[in-house]
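The structure appears right after this line, and notes come after that.
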Amino acid sequence: MTRTLGAEHLPVLARGFSWLGAGGGGSTLTLELMLRQRQPWPLTVHDAQELSPATPAVAVGYAGSTYLMTERLPDTALFAPLLAAAERWTGQAARAVCSIEGGGMNGLTPFLLAPHLQLVDADFTGRALPRFDQMTMFVDEVPGLLACVSTGAGGVCVIEASRAQDVEALVRSAVVCAGGVGPVLIAGFTVGQLAEHAITGGLERALAVGRVDPSGPPAEVAAAVGGRYVGGGRVESVTPGVSDPYASSALMVGDDGTVLRLISHTEFLAVQRDGAVIASAPEVIVCLDPSTNEILEVQGIHPARRVEIFALPAPSWWSARPHRLAHVTPAAYGVQGLDQEGAACSTP
Amino acid sequence: MQHTLSLQALVAHPRNGGLRWIEPGDGTGPSAHPVVPLRDVVLVTSVDELPSCTGGESTQPGSPGSLVVFTQTPPREPWEADALLRRVKSRGHAALAFKEPVALGAGTLAVARRLGLLILGAGAPLELARAAWELQGNQDALTLGYVRKVAQSIEYHADHVQDLLRHLAASVGHGVALVDREGVLLEAGQHLSPDLHAALRSDAWTRATHAGGASGASVRVESPSREGLRLVFFDRGLAGTQLSALSVAAETAMPAVAARLLIDEVASVNNASIDSGLIRDFLEQPGGPDSDVRRRMHERGWRTSGVHLGFRILGLSRLTPLELLRSVSRETRTWDVDTHASTAGLGVIGWLTFSEPPSSQELERHTSALRELHRELRRSFNVSTGVGTPEAGAEGLASSLDAAGEAARVAAQRERGGHFLRIDALGLEQLLLSRTRNDTFLPTARSLLQPLIDAGGELLPTLGAYLDHESSTAATAQALGYHRNTVSTRIERIKDLLGLDLADPDTRLAVHLALRALQD
């Protein structure tokens, strides 16, 4: 199904991708500002099945510290050298673009390359995830993938590695070289491969979720976004993890008197009620401040704040093959003891 | 069903690996927690070994769960600790003990409260498991453990019976007390409540009982010198198995305690006789103590420097001086001043030593304490008590003790002050009078003054007033309401009649005393 997007869809999409950011993935505001300048509207979004399967495609996104992007607006022209490098390496000009990450700011990043490239409704995560080796193409070990990363000052690093961990390590080094944040482009695949090795329909989901009015009763909001209401309460304290300071746990007194614990890394990873895990990644755990309806990022959880927690099911792609799920549970973040058996991955 | 194993019994077990309450908090002590019966104690080294509580419907309220003893410290991440608590609870267990150090966050403790799971800490989890094993019907091991501890405590040197009780309390790990029918004579380790004392009152050989959360096991002490004594081992939260094991421990410890009581008795008699001999030697040396006496006094810790306030307690009828001394020492031990006492003749002699001269308020306070002591003693002994004046140095000590002795002798005949007399209140004159009012002096006085008696009644009062007023004719005349010429005429006549020189101080004193002795 082809859909045409106008400027009026931008805030809805931004809000939808914020939901799918699960507390990470960066603020969509930067991308919203960049797109308002570019004004690519009207934009046509294609289903992966609509285009010829042999269409060469690329996936784009920003990697590194999303916080840095709030200080320094990135140059949209930076994707051009990456695209050129990929073209030189593969010998093929890309004709379609999708996102490397279907949550947070990167949900909107491919819009920067449209309509020059055809925009495909597909991404490699279906939510926000921090690492390249967690992306669907690398999880499924699709051969011939190429990562092009800006190293800053006009430089481009082209990575052709067969091991996903190597891609992650090398991209990370290049991003550090570029100043902590920079554009990344994955090439070497076709639109046909997206149907099997990527998550499709994320943009449609973002549109649907972004339209939901969050001011209603939590249970109704949860039903409207296709998820469930996990619980609400007041944050008592936030303490960093002992073995990994990037992990943290927020202690909350639940509205029903229960003890809620919200465990976070770069995203929200899990929620415990009285010691029992009641939601965990890859479920998309979303925190709302009910007084402002703001969708909170991990660093927005602080003592005395009232928070309502929702859980949206993860794309079913993650549980369709047995090897996939281990890449996205809390243990994949290095946080032990929170993995649930039979995690909820139901959304197509 | 009576469970021999309860959490309280484990907490009360002296070798429980340092078990302590963590949740609910132990600010109020384990007695604040209701008795938690335990089905079993499960020792696990990791979460994966955690079994389900045996017995199916174990999570239903009222049915006992198990104590899970974890040989590890709590997980480091709070969410891992929360999850562990949840797992332990969901498998039907009642309590969870971690290896120390146990530093759980507020959130994890709140989860424990929500789940109703008790959290404890133990320094040595294996020892805790062993304690549980002993309590779970391995009575002989438990008893033997206690008996061995009793034997170990006898091995250590004890200065007196209280010391021995302290050793026993420390090694057995429970409170120890020596009681009679009236109350607690000595206790160590813990405080024996009056409720438990009342419950333990018995003539039986051994007795084990509970009262008000505490329980104890007692045994009769077979002592030739003291009757009706019982030795008690007691604590809070003891189970039946522990009490019967402690009864055996008490039986084992009893002969040592009885022997010690006898040894103390002999030592105190011996001590008293040494003290008493030394005091006699000290008082009998008129020029102050010689170097030998000084050395012996120093050895016994008697200071002669400073200011001393002597007191003497005299038996007015037959009594045992040693018993009297024991009663005196029991009181004086609690005073905030250096006090010594010893038997002397048919009574007790003693003194208070102050490093600085005491203020009059201080002196008053100590005198009242002595008066109170006297009143207390009069309940059991027919005694009189005399108190001297505060005086400095070795000589001062001797004279203060002398004065106290005089006062006690005077007090013996004075019902009015309750047989208590303080030398300051007595007055020197009274003292002299008491010395003169006897069968040898009175006839001498009468014969000395006979000429004045024969010459008419008015001369004696005139002489009395004259001597009282320092031989001043004018003052005497004023006191008696006569003209001074009348007084001087009479004095001349008295001198003539007596044939004595009233200007001589010795003569004046003799006449004055004789006069008082006759007038009184």
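State yes or no: is A:Gly226 under 22 Å from A:Trp318 (Cα atoms), surrounded by fewer than 23 Cβ atoms within 10 Å (Cβ to Cβ), in contact with a Ser or Thr (Cβ under 8 Å, 6 or more places away or on another chain) and not assigned by TED's automatic domain parsing to the domain that holds A:Val120? Spelling it out, A:Gly226 is indeed under 22 Å from A:Trp318 (Cα atoms), surrounded by fewer than 23 Cβ atoms within 10 Å (Cβ to Cβ), in contact with a Ser or Thr (Cβ under 8 Å, 6 or more places away or on another chain) and not assigned by TED's automatic domain parsing to the domain that holds A:Val120. Look at (1) more than 43 Å from the chain's Cα centre (by Cα); (2) within 14 Å of chain A (Cβ to nearest Cβ); (3) crowded, with 19+ Cβ neighbours inside 10 Å and you find that B:Ile119 fails only one, number (1). Of the residues that make up the range B:85-92, is at least one hydroxyl-bearing (Ser, Thr, Tyr) and buried (at least 24 other Cβ atoms within 10 Å of the Cβ)? For the range B:85-92, residues hydroxyl-bearing (Ser, Thr, Tyr) and buried (at least 24 other Cβ atoms within 10 Å of the Cβ): absent. Of the strands (runs of 3 or more DSSP E) lying entirely inside the range A:203-265, those containing at least 3 residues that are away from chain B (no Cβ under 11 Å) are A:228-240. Of the residues that sit in the range B:122-133 and are surrounded by 23 or more Cβ atoms within 10 Å (Cβ to Cβ) and not small (Gly, Ala, Ser), which one is nearest to the other protein chains (Cβ to nearest Cβ)? Selected residue: B:Pro125. Considered as a group, the residues in the range B:430-475 that are modelled with pLDDT under 80 and among the β-branched types (Val, Ile, Thr) include one that is nearest to B:Val487 (Cα to Cα), and that residue is B:Thr444. Condition check for B:Leu314 on (1) surrounded by fewer than 19 Cβ atoms within 10 Å (Cβ to Cβ); (2) under 19 Å from B:Ser384 (Cβ atoms): one failure, at (1). Residue check: A:Gln340 meets all listed conditions (1) closer than 20 Å to A:Thr28 by Cβ; (2) within 14 Å of chain B (Cβ to nearest Cβ) but one, namely (1).
Listed by first and then second residue, the pairs linking a residue in the range A:161-179 that is under 16 Å from A:Leu146 (Cα atoms) to a residue that is β-branched (Val, Ile, Thr) and in a helix (DSSP H, G or I), with Cβ atoms under 7 Å apart and 6 or more places separating them unless they lie on different chains, are A:Ala161/A:Val167.
Among the residues making up the range A:300-334, a single one is without any contact (Cβ under 8 Å) to a residue 40 or more places away in the chain, surrounded by 13 or more Cβ atoms within 10 Å (Cβ to Cβ) and part of a loop (DSSP other than H, G, I, E, B): A:Ser316. Annotation note: of B:Val88, B:Val69, the sole residue that is out of contact with any helix residue (DSSP H, G or I) (no Cβ under 7 Å at 6 or more places or on another chain), β-branched (Val, Ile, Thr) and more than 8 Å from every other protein chain (Cβ to nearest Cβ) is B:Val88. Comparison of B:Arg39, B:Arg86, B:Arg113 shows that the only residue that is more than 23 Å from A:Ser243 (Cβ to Cβ), at pLDDT 90 or above, in contact with a strand residue (DSSP E or B) (Cβ under 8 Å, 6 or more places away or on another chain) and not assigned by TED's automatic domain parsing to the domain that holds B:Ala169 is B:Arg113. Counting only residues that are of a type outside the set (Asp, Glu), at pLDDT 80 or above and surrounded by 13 or more Cβ atoms within 10 Å (Cβ to Cβ), the range B:52-83 holds 15 of them. Restricting the search to helices (runs of 4 or more DSSP H) fully inside the range B:330-430 and requiring at least 2 residues that are among the polar types (S, T, N, Q) and assigned by TED's automatic domain parsing to the domain that holds B:Ser317 gives B:360-380, B:393-413. If you go through the range B:478-512 and keep only what is more than 23 Å from B:Asp454 (Cα to Cα) and not polar (S, T, N, Q), you end up with B:Ala479, B:Gly481, B:His483, B:Arg484, B:Ala503, B:Asp504, B:Pro505, B:Asp506. Counting only residues that are facing another protein chain (nearest Cβ under 8 Å) and farther than 15 Å from B:Pro78 by Cβ, the range B:93-114 holds 0 of them.
The values are calculated or read from the model by the stated rules, or taken from the named source; none is laboratory data. Here the structure is a predicted model, which is why all the values come from computation and not from measurement. All Cβ positions, even for glycine, are placed from backbone atoms using ideal geometry, and neighbour counts span all protein chains on display.
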